[in-house]
Amino acid sequence: MTLWIHTLEGRNYLKDSNDHSLMNQNLDSLDALCTKLNVRKLSDYLDFTDQQFNYNDFDDDDNEPELDPETELAYGIDDMTWFDASDGLISLQAVRNRIAEDGLHGFDADELPALLEELDDCISILDGSVSKGGKFHLSLVE
């Protein structure tokens with residue numbers, strides 16, 4: 001399981017994402033840090049649409065759904081859960097800054113640069129989306 005960050009600007013769905021496995025593996029610790037920092041938890045921004053869709057079993061090719069023209073997936077933009085990019089940016093920046101200063105309790109210090117890189121990637125993506133009034137989610141995928 002991993003997290004991918006997706007953005008939505010108008011009806012422009014951007015799904016290209018790096019893998020954010022360390023964020024997913026340490027989501028409980030990141031959420032606890034969010035609580036300490038008095039910002040919204042990262043888990044609040046999760047979208048389970050991809051996971052829910054992938055748990056549906058299709059017996060044969062006749063039952064496979066058509067791809068949505070906007071997303072090129074078996075589900076559309078309106079099926080997903082979206083959040084204001086500016087809200088997510090606040091949480092991610094607060095968490096990233098604290099981890100850069102103090103580390104993350106219970107987290108292997110050798111992997112800290114990789115976790116910071118994942119957070120920086122999300123921040124960079126949201127930074128560009130905020131100026132366009134964009135939305136985002138952290139998609140839980142297998």
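Observations on the model:
- Criterion: closer than 16 Å to Leu140 by Cα, within 10 Å of the chain's Cα centre (by Cα) and open to solvent by 50 Å² or more (accessible area, probe 1.4 Å) - qualifying residue of Asp19, Asp47: Asp19
Yes/no per residue for (1) part of a helix (DSSP H, G or I); (2) at pLDDT below 95; (3) open to solvent by less than 60 Å² (accessible area, probe 1.4 Å); (4) over 17 Å from Lys15 (Cα atoms):
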residue: Ser86; (1), (2), (3), (4): yes, no, yes, yes
residue: Asn97; (1), (2), (3), (4): yes, no, no, yes
residue: Leu104; (1), (2), (3), (4): no, yes, yes, yes
residue: Leu115; (1), (2), (3), (4): yes, no, yes, yes
residue: Glu118; (1), (2), (3), (4): yes, no, yes, no
residue: Ile123; (1), (2), (3), (4): yes, no, yes, no
residue: Leu138; (1), (2), (3), (4): no, no, yes, no
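- Annotation note: of Ser21, Ser17, the sole residue that is among the hydroxyl-bearing types (Ser, Thr, Tyr) and either modelled with pLDDT of 95 or more or over 20 Å from Thr2 (Cα atoms) (or both) is Ser21.
- Looking only at the range 125-135, and only at residues there that are of a type outside the set (Ser, Thr, Tyr) and under 9 Å from Leu89 (Cβ atoms), the one that is surrounded by the most Cβ atoms within 10 Å (Cβ to Cβ): Leu126
- Of all residues in the range 18-30, those satisfying the criterion of being farther than 22 Å from Met80 by Cα and part of a helix (DSSP H, G or I) are Leu22, Gln25, Asp28, Ser29, Leu30.
- Inter-residue pairs, beta-carbon under 6 Å, first in a loop (DSSP other than H, G, I, E, B) and in the range 35-48, second open to solvent by 90 Å² or more (accessible area, probe 1.4 Å), 6+ apart: Val39/Ile90
- Asp78 among the charged types (D, E, K, R), outside any loop (DSSP other than H, G, I, E, B), surrounded by 16 or more Cβ atoms within 10 Å (Cβ to Cβ) and without any contact (Cβ under 8 Å) to a residue 40 or more places away in the chain: no
The values are calculated or read from the model by the stated rules, or taken from the named source; none is laboratory data. A quick note: this is a predicted structure, and the numbers were derived from the prediction, not measured. So basically every Cβ, Gly included, is an ideal-geometry build from the backbone, and we count neighbours across all protein chains shown. Heads up: the accessible areas ignore ligands, DNA and RNA and are worked out on the full protein's heavy atoms, side chains in. Shrake-Rupley method; radii C 1.70, N 1.55, O 1.52, S 1.80 Å.
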